[in-house]
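Peer 1: Take a look at the following structure, please.
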Amino acid sequence: MITLLAAFALAFCPTDDDKASKQAEIYAEAVDKLNAAHARNPKGTEAELAAKLPAKAAKALDKLIALEDSPGLLEGLVYVAEKALELDRIEDFNRAKERLARSEFREYDLGAAITRPRFQLRGRGVDEDYLEHFSEVFQAVLEGYDEVFGFEEFSKVPGKKLRVRIHLEEKIERPPHFAPQFEYHSEIDFPIVNADELVSPTSDGKFLFYGLCHELGHVIAMWGDRANEEDKHVWAHYTGVVVCEYVAEKHKKSRFMKGIRDERWRSYEAFEKEFEDVPPNTTSREGISALFRALHEEVGPKAIGDAINYLDEKDVRRRINKVRYYTFRELEDGLLETLKKKKRKKLVKNLFAGGT
Ligand SMILES: [Zn+2]
């Protein structure tokens with residue numbers, strides 16, 4: 001047996017390809033393990049989680065980078081770069097990128113990535129300067145949500161940063177959308193056509209900035225269940241126009257808002273007028289729009305935020321693939337639990353009673 005094993009070991013002389021995939025695998029497994037443990041019991045921030053990467057995994061990255069060029073090295077570096085972003089280890093991403101740049105595979109473009117306390121931006125077809133610019137816009141949108149609604153949870157896994165994947169396209173086939181499939185974080189897919197700055201609407205009429213505000217509404221709350229979108233996209237439209245208008249007004253003199261004019265067409269004012277004479281209910285698109293309009297006017301967006309935060313703290317509503325799903329019944333309960341004044345509670349009851 002010993003002779004057989006020895007013979008095998010001799011015959012098995014690992015090539016550089018094997019070595020690269022082995023090191024990449026060690027790194028990737030460590031990232032997956034940390035993310036899975038955090039998802040089971042979310043405590044602390046992603047920065048704290050990223051700092052827990054074991055020395056063995058960090059060493060595996062060193063070894064990978066020290067290897068000679070080979071197709072396996074290219075594969076390993078690309079794999080590790082993606083994995084590094086899953087744990088927001090931008091420095092590791094940049095090391096892999098830098099190694100690629102001085103290899104025979106320097107044509108391979110990993111794109112750019114930057115990180116901020118609340119989010120990570122990944123760009124394909126754009127450079128870090130663009131991401132810096134976009135980060136100002138996105139930060140303003142998040143603060144807009146904070147100041148208007150005050151939601152406490154954004155990411156489906158508490159502590160994990162939001163992700164926006166920005167990609168330069170010749171033509172936008174699919175507008176910005178929430179991509180709920182990632183296991184350990186919430187991500188927005190964001191196509192652009194101008195790599196200099198965020199221009200919205202685009203020349204062919206795509207409201208990218210409003211789209212960002214709208215998709216964040218989906219990230220925060222989905223309604224109904226897998227088969228039935230209870231809110232018929234009205235929720236994200238409502239929070240989207242409110243935040244779009246708010247940010248545009250607050251930052252109208254800011255350099256980063258120069259290319260953005262969405263608020264002219266996507267404003268709460270327009271939304272309000274459209275549903276002025278519609279009676280609220282919880283079943284039709286128009287009725288639900290009127291319901292959000294009435295809540296916005298009568299109890300205010302902060303009260304809606306409080307109700308959602310109350311439901312999140314209890315954390316008993318539905319989750320699909322960790323994404324939080326709510327029902328109008330739960331929203332009503334949340335409002336009744338958090339509103340102080342009797343008169344307002346009665347009003348909420350009346351508004352929701354319009355539905356069946
Ligand atoms: Zn939508």
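Peer 1: Quote the relative contact order of the chain in percent (integer), defining contacts as alpha-carbon pairs under 8 Å separated by 6+ residues.
Peer 2: Averaging sequence separation for qualifying contacts and normalising by length gives 12 percent for the chain.
Peer 1: Right, something else. Cross-link partners among lysines for Lys340, C-alpha distance below 20 Å, same-chain residues fewer than 8 apart left out?
Peer 2: By straight Cα distance, Lys340 reaches Lys302, Lys314, Lys349.
Peer 1: Assuming R0 = 51 Å, what is the FRET efficiency of Glu272 and Glu91, from their Cβ-Cβ distance, to the nearest 0.05?
Peer 2: In this case the efficiency is close to 0.60.
Peer 1: How far, in nm, would the chain grow between Arg174 and Glu143 when pulled straight, counting 0.36 nm per residue and subtracting the alpha carbon separation?
Peer 2: Taking Arg174 through Glu143 to full extension adds about 8.5 nm, to one decimal.
Peer 1: Ok, one more. Give me the distance in nm between label points sitting 7 Å out from Cα along the Cα-to-Cβ direction at Asn228 and Glu68, one decimal.
Peer 2: With each label placed 7 Å out from Cα toward Cβ, I get 6.5 nm.
Peer 1: With a ≥ b ≥ c the root eigenvalues of the C-alpha gyration tensor of region 13-105, is it rounded (a/c under 1.5), prolate (a/b larger than b/c) or oblate?
Peer 2: prolate
Peer 1: Taking a 31 Å limit on the Cα-Cα distance, which of the listed pairs Lys232/Lys253; Lys161/Lys253; Lys253/Lys345; Lys19/Lys322; Lys232/Lys322; Lys250/Lys322 fall beyond it?
Peer 2: Those over the limit are Lys232/Lys253; Lys253/Lys345; Lys19/Lys322; Lys250/Lys322.
Peer 1: Where a Cα-Cα gap under 15 Å defines reach, which aspartates and glutamates qualify for Lys156, not counting those fewer than 8 residues away within the same chain?
Peer 2: Hits, sequence-local ones excluded: Glu46, Glu86, Glu183, Glu187, Glu215, Asp312, Glu313, Asp315.
Peer 1: Still on this structure, please answer the following. Using the alpha-carbon centroid of each, what span in Å lies between region 99-135 and region 140-219?
Peer 2: Answer, in whole Å: 17.
Peer 1: Show me 155-168, 238-251 ranked by packing, highest mean number of other Cβ atoms within 10 Å first.
Peer 2: 238-251, 155-168
Peer 1: Quick check: the distance between the Cα centres of region 30-74 and region 289-353, to the nearest angstrom?
Peer 2: 40 Å
Peer 1: Follow-up question, since we're still on this one. When the expected Rg is taken as 2.2 N^0.38 Å, what fraction or multiple of it is the alpha-carbon Rg of the chain?
Peer 2: That ratio works out to 1.17.
Peer 1: How do the peptides 126-133, 84-91, 199-206 rank, highest first, by the average count of neighbouring beta carbon atoms within 10 Å per residue?
Peer 2: 84-91, 126-133, 199-206
Every number here is computed from the coordinates shown, using simple stated rules; none is lab data. The model shown is predicted, which means the values in this text are computed figures rather than measured ones. For neighbour counting, all protein chains shown are included, and Cβ atoms are generated from backbone atoms with ideal geometry for every residue, glycine included.
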